[in-house]
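Here's the structure, in structure tokens; my notes come after.
The values are calculated or read from the model by the stated rules, or taken from the named source; none is laboratory data. Not measured: the values here are computed from a predicted model. Every residue, glycine among them, receives a Cβ derived from its backbone with ideal geometry; neighbour counts consider all protein chains shown. Areas reflect the complete protein model, heavy atoms only, side chains present, ligands, DNA and RNA absent. Shrake-Rupley method; radii C 1.70, N 1.55, O 1.52, S 1.80 Å.
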Amino acid sequence: MNNIIDPVLGSNEVMSCRLVGGFSIFVQVLVGTLGFSTLIIKRYFEQPRRSWLIWGFDVSKQMISGSIMHMCNLLVSALSGASTAENATNPCAWYVAIHTLKTQ
């Protein structure tokens, strides 16, 4: 866990940022479940409807590429937000910035 001194709150207050933890894993599972459910609902409305096998290949391709992109985002955020003796940045801020700027 990184403790970053917040310049807005003052030097006595410390912010906490964890890229991977109990709450973050819960949010990731929730977002993944909502995304997958959306793909299933979308399948029922598409015309002509693809077979389950073809649909499964398409969805697995999207899930694999999204997972790789997510892991790269976590890695870059953790490395960019690493605290050094002269510089301390917030890895959660890096994660949000990278997630906002990326395109899929």
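In the stretch 35-52, is there at least one residue being at pLDDT below 85, within 29 Å of Tyr95 (Cα to Cα) and among the small types (Gly, Ala, Ser)? Before you say what the answer is, go through the steps one by one.
Within the stretch 35-52, the subset at pLDDT below 85 is none.
No; the residues of the stretch 35-52 include none that is at pLDDT below 85, within 29 Å of Tyr95 (Cα to Cα) and among the small types (Gly, Ala, Ser).
Of all residue pairs spaced 6 or more apart or on separate chains, those with beta-carbon atoms under 7 Å, a first member in the stretch 42-70 that is closer than 19 Å to Val29 by Cβ and a second member that is open to solvent by less than 70 Å² (accessible area, probe 1.4 Å) are Val59/Leu39; Met69/Lys102. Can you pull out the residues in the stretch 25-80 that are in a loop (DSSP other than H, G, I, E, B) and open to solvent by 100 Å² or more (accessible area, probe 1.4 Å)? Those that are in a loop (DSSP other than H, G, I, E, B) and open to solvent by 100 Å² or more (accessible area, probe 1.4 Å): Gln47, Pro48, Arg49. Just wondering, is there one or more residues in the stretch 84-101 that are in a helix (DSSP H, G or I), modelled with pLDDT of 85 or more and open to solvent by 60 Å² or more (accessible area, probe 1.4 Å)? No, the stretch 84-101 has no match at all.
Report whether or not Val8 is at pLDDT below 85, open to solvent by 50 Å² or more (accessible area, probe 1.4 Å) and aliphatic (A, V, I, L, M). Yes; evaluated as a whole, the condition is true for this residue.
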